[in-house]
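Worksheet: one structure, shown below.
The values are calculated or read from the model by the stated rules, or taken from the named source; none is laboratory data. If you're wondering where the values come from, they're calculated on a predicted model, not measured in any experiment. Using ideal geometry, Cβ is built from the backbone for each residue, glycine included, and neighbour counts are taken over all protein chains shown. Just so you know, the surface numbers come from the protein's heavy atoms only, side chains and all, with ligands and any DNA or RNA stripped out. Shrake-Rupley method; radii C 1.70, N 1.55, O 1.52, S 1.80 Å.
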Amino acid sequence: MTVQALKSAIEDLHKEALKRLIRALKDDPAAGVRLREALGDQVVYGVLLFHGLVREPLEVRVQKALDEVRPFMHQHGGDVELVAVRPLDTVEVRLVGACHGCPASSQTLTEGVERAIRQHCPEILHIHQVSKGRTETKPAGNGVATLHFVSPFALRTRDGWIDAARLDEIPDGSILERELKGRSLLLYRQGTQVSCMDNRCAHLGMALEMGEIVDGVITCPYHGFKYLLETGECLTAPEVQLTVHAVKVMGERVQVRLEE
Ligand code: FES
């Protein structure tokens, strides 16, 4: 065994032990509180971060998401500023430069900024676009869009959208299972907001569509893992989540773009 392989094996062992320890503590509400307090210790936090058992602070992840989309916005003379992160689930941003007041700004927000924030911070449910004198509230889902203008992100994402369903085929507050490009997907709808994810439980990969749905949470019928259908976030084991796909609602049509 090489030194590198030995090092990786030891790290894996430590990670597994820490994971089991955290799980055991989380089951006891009092111990869970102590665990959160312990995360205030930089050494404890640093070790758990190294093993991928805690996330970076929300604001750091939001900034990383915005840094990812900025180069595309800069090409068009625009930019985005982070105005505020409001725990637990809200971010306020401001589109500036050429993006401010641009008729395509709503698409820029949806296709670029929102998508990046959702990828880095699945717990964010609301993105508010703040402009001088007013705030536009935008859920972190995907709103109805009628496209008359082309945003920089539309140029980047013109390809790859697949027609998935009619909006009214998806029962409100529930799911529709669809087979697309050989993948089984779940489409979840709340009013005009639609999310899409693989129909594969992150536990053992079983299909989820027969799971019970209560208040936007689906429970895997096999071993009970719970997932937020809006974001794919796993409530049972926060270190895993469902694979989610970008969604666009164009009038009555729902389109998705599949992640790898
Ligand atoms: S396969 Fe879903 S919880 Fe086990």
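Here the label points at Arg36 and His126, each 7 Å from Cα along the C-beta direction, are separated by 2.0 nm in the simple model. Extending 7 Å from the Cα toward the beta-carbon at both Glu179 and Ala9 defines two label points whose distance is 4.4 nm.
Rank these residues by their accessible area, most exposed first, probe 1.4 Å: Lys19, Lys181, Lys226. Walk me through the intermediate numbers first.
Details: Lys19 50, Lys181 165, Lys226 90 Å².
My answer, sorted largest first, is Lys181, Lys226, Lys19.
Projected onto its three principal axes, the C-alpha set of the stretch 171-224 covers 31, 28, 14 Å, listed from the longest axis down. Taking the full set of protein chains and a 1.4 angstrom probe, give the accessible area of Tyr45 in square angstrom, rounded to the nearest 10. Around 60 Å² of this residue is reachable by solvent. Mind grabbing the accessible area of Val85 for me, 1.4 Å probe, Å², rounded to tens? Counting only protein heavy atoms, Val85 exposes about 30 Å² to solvent.
Cα gyration tensor of the stretch 7-65, axes a ≥ b ≥ c as square roots of the eigenvalues: rounded (a/c below 1.5), prolate (a/b > b/c) or oblate? It is oblate, given that a/c is not under 1.5 and a/b is not larger than b/c.
Using the reciprocal of the averaged 1/r over all distinct C-alpha pairs, how large is the Kirkwood radius of the stretch 165-260 in Å? Numbers along the way, then the final one.
Details: mean 1/r = 0.0759 Å⁻¹.
Computed over Cα pairs of the stretch 165-260, the Kirkwood hydrodynamic radius comes out at 13.2 Å.
Applying 0.36 nm per residue to the separation of Glu81 and Glu252 and subtracting their alpha-carbon distance, the gain on full extension is 58.3 nm.
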